[in-house]
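The values are calculated or read from the model by the stated rules, or taken from the named source; none is laboratory data. Owing to the predicted nature of the structure, the values given are computational and were not obtained by experimental measurement. Every residue, glycine among them, receives a Cβ derived from its backbone with ideal geometry; neighbour counts consider all protein chains shown.
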Amino acid sequence: MNGLPPSLNRIVTELSRFPGIGKKTAQRMAFHLLDRSRESVEELAEALLSLKANVRECRRCHHIAEGDLCAICSDTRRDSATICVVERVLDVLIFERMGEYKGLYHVLGGVISPLDGVTPDDLHISDLIERLADVKEMIIATHPSMEGDTTALFIAQQVQGLPLKITRLARGIPMGTNLEFTNEATLASAFTARVDL
């Protein structure tokens, strides 16, 4: 028992379910909400309910949308001949912040992970293959992990024979890093992916 009223304890419990939010941070957030006006808290509650009521998956790429298609799929200025395949919605946001990529996306919804019971059928791979008819390049941008590599290899095998270029994000030594402090796996990946000058 921490001496807090049940209503406040409930909010602390719910807030601490958020990723990266521990009990202490959840308590600070709860007290912040308690200090705000009733109208302000009602606006927050309304925004949360609206989020759940209105935001859904884009029917084409599985990004987030408020209609059938997300803003990226709806944008006719995007290069529809290029698709970047990512694991999660957050990955799309990372590429968009970069500002370099002007093509479309496809969100897999995870990676193949037999240990976690995730098979290719659990991902949006069949939807991806259906989208490739008019695509000239597919960029596989899964995370550099065992599961990400397995998923990338599986997708590449599934589309073998299609007339499209398949690329993978390059891996290597980050800018500003000294070779002395680079681990062997990163150095080996950079060596294998070396480019002509």
Taking C73 as the residue in question, decide whether it is under 22 Å from V135 (Cα atoms) and in the same structural domain as V89 (by TED's automatic domain parsing). yes
Could you look through the range 150-165, keep only residues that are over 17 Å from T192 (Cβ atoms) and under 20 Å from the mean Cα position of the chain (by Cα), and pick out the one that is surrounded by the fewest Cβ atoms within 10 Å (Cβ to Cβ)? F154
Selected residue (only one of C61, C84, C73 is modelled with pLDDT of 95 or more and in contact with a Lys or Arg (Cβ under 6 Å, 6 or more places away or on another chain)): C73
Filtering the range 58-87 down to residues that are in a strand (DSSP E or B) and touching a residue at least 40 places away in the same chain (Cβ under 8 Å), which residue is surrounded by the fewest Cβ atoms within 10 Å (Cβ to Cβ)? A81
Looking at the range 123-156, which of its residues are in a loop (DSSP other than H, G, I, E, B) and within 22 Å of A185 (Cα to Cα)? A141, T142, H143, P144, S145
For G109, are the conditions met, namely being modelled with pLDDT of 95 or more and not β-branched (V, I, T)? yes
Taking R28 as the residue in question, decide whether it is surrounded by 10 or more Cβ atoms within 10 Å (Cβ to Cβ), over 22 Å from the mean Cα position of the chain (by Cα) and more than 28 Å from G109 (Cα to Cα). yes
Only listed residue being basic (K, R), in contact with a helix residue (DSSP H, G or I) (Cβ under 8 Å, 6 or more places away or on another chain) and either at pLDDT 95 or above or at negative phi (or both), chosen from R168, R97: R168
Here are L90, L104: which of them is aliphatic (A, V, I, L, M), in a strand (DSSP E or B) and either outside the structural domain of P19 (by TED's automatic domain parsing) or at pLDDT 95 or above (or both)? L104
